[in-house]
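The values are calculated or read from the model by the stated rules, or taken from the named source; none is laboratory data. Being a predicted model, the structure only gives us computed values, none of them experimental. Only protein heavy atoms, including side chains, enter the accessible area calculation; ligands, DNA and RNA are left aside. Shrake-Rupley method; radii C 1.70, N 1.55, O 1.52, S 1.80 Å.
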Amino acid sequence: MDKEEYLKNMAKFFLGSLLLYGVTYGVASRRGTELVYDYVLHTEWALSLNLSTWKDFIFHKVSYPLWHIITKVLYRFWGLRDYEAAATCTALFNCFAYWCVNYVWIAYEKKKNYKSDTWFWSFFLFFMGPIYAPLYTFSYYMGQGTGNTWKNPTNIAVKGISVLAFALTCYLVSEKGRQAQTKVYVILGTLLLLSALAKPSFLQAMIPGTGMYLCLKMCYMCCGGAKMA
């Protein structure tokens with residue numbers, strides 16, 4: 001890739017990040033409606049978080065405080081209002097997920113010697129998720145039949161982390177990944193810890209799913225089958 005093409009791709013990527021940030025901030029900062037109940041509740045919890053009562057926070061409010069910690073930092077040290085801090089934190093996490101999808105997608109394309117407009121398709125994925133059926137779905141904000149809804153800030157917080165963790169797990173169970181250095185396992189362990197702090201639902205699906213895959217692969221190999229991809 002020459003310098004001109006690289007700069008052009010970076011400009012598109014920056015534009016996609018800027019648009020995604022603006023749309024997410026606009027959705028997350030809405031007030032005075034029942035649609036933002038999750039944001040109101042989680043923001044109240046975030047503002048109540050402090051070092052002296054963190055145990056009570058973990059046991060009686062929420063056990064995955066990553067979004068809340070960052071929101072409280074933005075509120076406390078950047079001087080943002082409560083809903084501004086919540087919207088900024090959510091928008092940053094959504095952009096982070098966008099960057100992670102691009103990174104994994106580009107890495108895969110390099111491996112397969114293929115090229116596409118990843119900045120556009122990955123950006124599009126963030127908006128096609130919340131399926132909106134006017135006669136069935138309450139609003140686009142809530143979505144229907146998808147995990148990519150806008151209503152849950154902690155769900156948004158875990159997306160980028162889970163993308164990286166899933167891609168790294170796929171690498172480690174591959175033939176090439178079996179000779180991975182120790183640091184790769186440390187990175188994966190850190191990502192899994194962060195995902196638990198952001199939203200444990202990813203771990204609840206990922207760990208059993210990986211275990212099931214490995215068990216099926218072992219059974220397949222023991223029965224004399226060819227190596228699985």
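Computed quantities for the displayed model
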item: Accessible area in the full protein assembly, largest first, 1.4 Å probe, for Asp82, Asp38; result: Asp82, Asp38
item: Cross-link pairs Lys3/Lys176; Lys112/Lys217; Lys3/Lys159; Lys110/Lys217; Lys159/Lys199; Lys3/Lys183 - those with Cα-Cα distance over 21 Å; result: Lys3/Lys176; Lys112/Lys217; Lys3/Lys159; Lys110/Lys217; Lys3/Lys183
item: Solvent-accessible surface ranking, highest first, for Trp54, Trp119 at 1.4 angstrom; result: Trp54, Trp119
item: Heavy-atom accessible area ranking, 1.4 Å probe, most first, across Glu84, Glu4; result: Glu4, Glu84
item: Anchor Lys8: aspartates and glutamates whose Cα lies under 20 Å away (excluding residues fewer than 8 positions away in-chain); result: Glu109, Asp117
item: Accessible area (Å², 1.4 Å probe, nearest 10) - Ile106; result: 70 Å²
